[in-house]
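One structure below.
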């Protein structure tokens with residue numbers, strides 16, 4: 001009888017061990033789900049812009065290389081009525097790609113970009129209530145007898161409160177300057193360039209960004225700390241001098257006009273937190289802030305990337321999530337409405353996309369949807 005008990009006990013132990021392992025094992029690349037949504041009603045394109053006002057996203061401009069066409073159109077998207085066409089930008093607003101956009105109040109602003117030859121600095125405001133455009137001050141110093149124009153493309157932008165910010169880009173050289181747009185007075189002011197030469201860095205083995213790289217095609221996003229209520233802008237990724245993707249990461253405090261270096265997005269420390277940071281660096285990616293996390297995906301890192309990463313604001317660390325399920329690409333647009341994140345458009349070689357995908361970070365990966 002003892003032999004019989006032992007005979008049954010051994011398989012049961014093995015089964016329990018297997019179940020325990022299965023219960024606690026999680027593949028981070030199957031965390032989060034991508035769902036196809038209604039395709040964009042316009043033409044596929046890349047290097048378009050997007051901004052959000054209320055529960056509606058607006059997408060416009062961009063380049064379709066299959067027809068060698070640049071756009072100065074504008075479309076809106078909301079989850080109830082899908083896509084609708086809005087008033088086109090005025091004829092004086094040359095069709096372009098590589099522009100940036102941000103929103104303040106009931107206005108969305110589009111500035112910079114290129115038509116393949118000229119690097120623009122003009123700024124245009126779209127009012128959602130009357131569906132109309134108004135010319136605004138050009139990016140740069142516009143007063144006095146020696147105005148300074150700072151046209152560029154491949155810049156990054158974000159808005160905090162009643163101000164818009166434009167940074168980085170390419171004007172024949174890679175840039176890391178920062179410009180603040182005061183919507184009330186319709187004026188641009190130059191602020192502190194990315195970097196902080198006066199910062200004190202930790203000595204506990206954790207590494208944070210020190211030298212600020214000039215760059216283009218970076219991502220920028222905004223986050224409000226729920227404890228301090230401080231809203232800051234963040235700039236990460238991008239293509240730097242020599243055609244190399246940069247790894248430094250920065251946050252901007254608009255109250256005191258200072259930048260703070262955050263942990264680089266590659267494995268540079270002696271600690272284990274960044275051991276897996278092998279493919280975060282990239283350019284021409286997209287970013288979304290949903291809840292207390294930021295997510296980046298797509299872009300170029302050697303080839304086109306579909307890798308998705310989750311940034312934890314509290315710990316200043318990154319973790320893997322489910323890769324983008326459709327075609328990897330560069331120059332897409334992203335937006336968040338009603339707490340839901342979406343990605344559309346972009347390019348992979350000669351293919352220009354017009355699909356729309358929703359990112360569900362807290363849902364298990366389902367490759368059949």
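The residues in region 216-246 that are touching a residue at least 12 places away in the same chain (Cβ under 8 Å), over 17 Å from residue 284 (Cβ atoms) and assigned to a loop (DSSP other than H, G, I, E, B) can be counted, and the count is 3.
Screening region 285-369 for strands (runs of 3 or more DSSP E) wholly inside it with 1 or more residues that are modelled with pLDDT under 95 returns the ranges 356-364. Across region 95-128, the number of residues qualifying as surrounded by fewer than 16 Cβ atoms within 10 Å (Cβ to Cβ) and touching a residue at least 24 places away in the same chain (Cβ under 8 Å) comes to 4. What are the residues in region 348-366 that are over 15 Å from residue 297 (Cβ atoms) and buried (at least 17 other Cβ atoms within 10 Å of the Cβ), if any? Listed by number, the list holds a single entry, 352.
Name the single residue, out of those in region 264-273 being at pLDDT 95 or above and in contact with a strand residue (DSSP E or B) (Cβ under 8 Å, 6 or more places away or on another chain), that is surrounded by the fewest Cβ atoms within 10 Å (Cβ to Cβ). That would be 264. Does residue 279 satisfy being at negative phi and not in a strand (DSSP E or B)? Yes, satisfied.
The values are calculated or read from the model by the stated rules, or taken from the named source; none is laboratory data. Here the structure is a predicted model, which means the values were calculated and not measured. Positions of Cβ are backbone-derived with ideal geometry, glycine not excepted, and every protein chain shown enters the neighbour counts.
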